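The values are calculated or read from the model by the stated rules, or taken from the named source; none is laboratory data. All of these numbers come straight from a predicted model, not from anything done at the bench. Reconstructed Cβ throughout: ideal geometry from the backbone, glycine too, with neighbour counts over all protein chains shown. The protein model used for the area step is the full one, side chains on, heavy atoms only, and it has no ligands, DNA or RNA in it. Shrake-Rupley method; radii C 1.70, N 1.55, O 1.52, S 1.80 Å.
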Amino acid sequence: EQVDKTYIMVKPDGVQRGLVGEIISRFEKKGFKLIGLKLFQCSKELAEEHYKDLNQKPFFPKMINYITSGPVVSMAWEGIGVVPSARKLIGATDPLQAEPGTIRGDLAVQRGRNVIHGSDSPENGEREIVLATLLLTRKHQRATSEVLQSEQNPYLDHKTTALWFKEGELCEWTPIQQPWLIE
Ligand code: DAT
Ligand code: MG
């Protein structure tokens with residue numbers, strides 16, 4: 001089965017409200033693998049790139065202000081089916097529509113303060129975590145990680161090598177509980 005990555009972010013309201021531990025805990029208990037984690041103040045440029053599909057929406061400027069208004073917690077989680085499963089744990093975009101038991105359903109009331117982001121597809125998971133990996137795997141399947149890390153990497157536009165994580169910020173590891181989660 002295909003192992004995917006998703007980019008999960010506790011937004012500034014979640015950090016301010018002290019919900020970081022609660023949110024991380026839900027993904028840990030589910031059984032996904034944490035492979036990247038940092039507290040991070042996001043620039044306007046990064047927020048605009050992350051949400052570029054929505055840049056024509058009327059709420060876009062307000063949303064960029066909100067996302068850059070304080071630190072966020074950036075996380076990369078890995079697992080089989082992690083992208084749609086994380087979206088289910090998170091719940092609907094509008095917290096008033098989100099089911100009880102979901103993060104937004106339990107912890108938020110407004111779309112403009114919905115405490116958490118989760119990637120909507122495996123492709124966007126890759127894009128949001130390390131864009132370079134996506135460009136490389138798609139165009140140059142056999143390129144090695146040495147090439148990826150090399151300064152002379154001919155395949156990359158260095159202006160857009162990473163979104164939320166840089167090379168070296170993700171960990172490859174095997175949780176001891178793995179055989180008890182996956183048969
Ligand atoms: P999601 O975060 O559930 O993937 P999205 O990608 O459609 O939702 O939108 C990104 C964020 O933009 C969302 O978390 C909250 C904000 N947003 C979306 N639609 C909105 C609206 N109609 N009014 C205000 N904010 C909105
Ligand atoms: Mg989205």
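Key figures
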{"read-out": "Exclusive hit being within 14 Å of ligand 2 (Cβ to nearest atom), closer than 21 Å to Ser121 by Cα and open to solvent by less than 40 Å² (accessible area, probe 1.4 Å), set Ala76, Ala86", "value": "Ala86"}
{"read-out": "Test: Ser43 is away from ligand 2 (no atom under 16 Å from the Cβ) and under 16 Å from Ile116 (Cβ atoms)", "value": "no"}
{"read-out": "Considering residues of the range 60-73 that are open to solvent by less than 20 Å² (accessible area, probe 1.4 Å) and more than 15 Å from ligand 2 (Cβ to nearest atom) only, the residue nearest to Cys171 (Cα to Cα)", "value": "Val73"}
{"read-out": "Test: Asp106 is in a helix (DSSP H, G or I) and open to solvent by less than 30 Å² (accessible area, probe 1.4 Å)", "value": "no"}
{"read-out": "Residue that is surrounded by the most Cβ atoms within 10 Å (Cβ to Cβ), among those in the range 19-44 that are of a type in the set (Gly, Ala, Ser) and either touching a Cys at 6+ places or on another chain (Cβ under 8 Å) or over 22 Å from Val3 (Cα atoms) (or both)", "value": "Gly36"}
{"read-out": "Any chance Pro100 is more than 16 Å from ligand 2 (Cβ to nearest atom) and open to solvent by 50 Å² or more (accessible area, probe 1.4 Å)", "value": "yes"}
{"read-out": "Cβ pairs under 6 Å, 6+ apart, first in the range 12-37 and more than 12 Å from Trp77 (Cβ to Cβ), second part of a strand (DSSP E or B) and open to solvent by 20 Å² or more (accessible area, probe 1.4 Å)", "value": "Asp13/Arg113"}
{"read-out": "Residues that are of a type outside the set (A, V, I, L, M, F, W, C), part of a helix (DSSP H, G or I) and surrounded by 17 or more Cβ atoms within 10 Å (Cβ to Cβ), drawn from the range 9-18", "value": "Pro12, Asp13, Gly14"}
{"read-out": "In the range 50-59, residue nearest to ligand 1 (Cβ to nearest atom) [restricted to those that are open to solvent by 20 Å² or more (accessible area, probe 1.4 Å) and assigned to a helix (DSSP H, G or I)]", "value": "Leu54"}
{"read-out": "Boolean, Glu1 is out of contact with any strand residue (DSSP E or B) (no Cβ under 8 Å at 6 or more places or on another chain) and outside any strand (DSSP E or B)", "value": "no"}
{"read-out": "Residue satisfying condition, being aliphatic (A, V, I, L, M) and either in a helix (DSSP H, G or I) or within 11 Å of ligand 1 (Cβ to nearest atom) (or both), within set Leu34, Leu39, Leu46", "value": "Leu46"}
{"read-out": "Which numbered condition Thr6 misses (of (1) within 14 Å of ligand 2 (Cβ to nearest atom); (2) among the polar types (S, T, N, Q); (3) open to solvent by 80 Å² or more (accessible area, probe 1.4 Å))", "value": "(3)"}
{"read-out": "Test: residue in the range 109-122 that is buried (at least 21 other Cβ atoms within 10 Å of the Cβ), within 13 Å of ligand 1 (Cβ to nearest atom) and either part of a helix (DSSP H, G or I) or charged (D, E, K, R) (or both)", "value": "no"}
{"read-out": "Single unsatisfied condition, Ala86 versus (1) within 16 Å of Lys11 (Cα to Cα); (2) touching a Ser or Thr at 6+ places or on another chain (Cβ under 8 Å); (3) not in a helix (DSSP H, G or I)", "value": "(3)"}
